[in-house]
1. Tell me which helices (runs of 4 or more DSSP H) are completely within region 169-282 and hold 1 or more residues being touching a strand residue (DSSP E or B) at 6+ places or on another chain (Cβ under 8 Å) and either under 30 Å from residue 10 (Cβ atoms) or assigned by TED's automatic domain parsing to the domain that holds residue 143 (or both), or say none if there are none.
2. Consider only pairs whose beta carbons are under 6 Å apart and that are at least six residues apart or on different chains; among these, list those whose first residue lies in region 148-167 and is outside the structural domain of residue 125 (by TED's automatic domain parsing) and whose second residue is modelled with pLDDT under 95 and not in a loop (DSSP other than H, G, I, E, B).
3. Could you check how many residues of region 91-123 are closer than 18 Å to residue 146 by Cβ and surrounded by 17 or more Cβ atoms within 10 Å (Cβ to Cβ)?
4. Quick one: how many residues across region 152-168 are in contact with a strand residue (DSSP E or B) (Cβ under 9 Å, 6 or more places away or on another chain) and either closer than 14 Å to residue 113 by Cβ or in a loop (DSSP other than H, G, I, E, B) (or both)?
5. What is the residue count in region 158-200 for residues that are under 26 Å from residue 215 (Cβ atoms) and over 19 Å from the mean Cα position of the chain (by Cα)?
6. Somewhere in region 89-105, is a residue within 22 Å of residue 14 (Cα to Cα), outside any loop (DSSP other than H, G, I, E, B) and either outside the structural domain of residue 139 (by TED's automatic domain parsing) or without any contact (Cβ under 8 Å) to a residue 40 or more places away in the chain (or both)?
7. Answer yes if at least one residue in region 140-151 is touching a strand residue (DSSP E or B) at 6+ places or on another chain (Cβ under 8 Å), outside any helix (DSSP H, G or I) and crowded, with 16+ Cβ neighbours inside 10 Å, and no otherwise.
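The values are calculated or read from the model by the stated rules, or taken from the named source; none is laboratory data. This is a predicted model, so every value here is computed, not measured. Note that we place each Cβ from the backbone using ideal geometry, even for glycine, and neighbour counts take in every protein chain shown.
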């Protein structure tokens with residue numbers, strides 16, 4: 001969930017929202033004359049805590065802007081879990097930002113996230129995905145990307161599909177998570193649902209959001225249902241029983257199950273356990 005760094009009420013409200021990540025935004029959601037105040041708000045909000053198990057990520061302003069350096073310095077020692085870098089058009093810039101985090105006192109555990117939001121970034125996404133050891137997540141900037149590609153509004157996102165799939169391939173090749181872009185029409189609930197479902201089918205790990213009303217649908221689509229848990233458990237039990245008999249294949253509900261299916265079932269159960277743990281600790 002993106003939260004404007006200039007909006008103190010939004011930063012406070014984020015402590016109660018059922019989201020996995022709070023992205024405190026210093027870039028697009030903040031007017032130029034509010035940049036410095038937003039930076040101070042964000043640093044103070046992180047210091048105050050109260051966000052439970054939610055990951056705290058700060059999106060800084062783009063490299064070369066009047067604010068990026070002060071943003072990076074402030075974020076490095078803020079206690080945030082990660083810094084989200086916008087307008088990354090090459091591996092060298094992302095690597096430089098990773099180095100600057102270390103130089104400015106960022107702990108080893110602080111992660112780096114990157115936006116994929118320009119045609120150049122998409123063309124270089126494979127090298128960007130392997131640019132820095134801190135890099136953990138790619139975030140699609142579909143609004144900016146659609147603008148630069150001159151793609152008209154389209155709920156099916158046909159024009160964006162090559163960029164989306166290229167980014168997902170790069171993320172998976174380098175062991176990164178990847179989040180789908182925002183859906184800007186808050187009046188189109190059906191369109192938002194279809195966007196989430198499409199993102200899930202493409203292979204995204206989650207959806208970035210701009211309003212609390214979008215949370216329930218996103219959690220439903222990208223979450224782990226009781227049916228998912230039941231099927232994953234059935235697959236693992238059947239696979240382990242077959243393996244104990246020296247078999248490499250087993251059939252569950254008419255579907256052939258191999259080791260790769262068992263591995264995916266374990267991932268589903270691990271994700272479900274993590275979600276339950278986070279809810280318990282809230």
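1. Helices (runs of 4 or more DSSP H) meeting the threshold: 189-202, 215-222.
2. No pair meets every condition.
3. Residues that pass the stated criteria total 6.
4. Matching residues across region 152-168 total 1.
5. Residues flagged as under 26 Å from residue 215 (Cβ atoms) and over 19 Å from the mean Cα position of the chain (by Cα) within region 158-200 amount to 7.
6. No, that holds for no residue.
7. yes
Matching residues to (1) touching a residue at least 12 places away in the same chain (Cβ under 8 Å); (2) at positive phi; (3) surrounded by fewer than 13 Cβ atoms within 10 Å (Cβ to Cβ):
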site	(1), (2), (3)
177	yes, no, no
182	yes, no, no
195	yes, no, no
213	yes, no, yes
217	yes, no, no
248	no, no, yes
254	no, yes, yes
265	yes, no, no
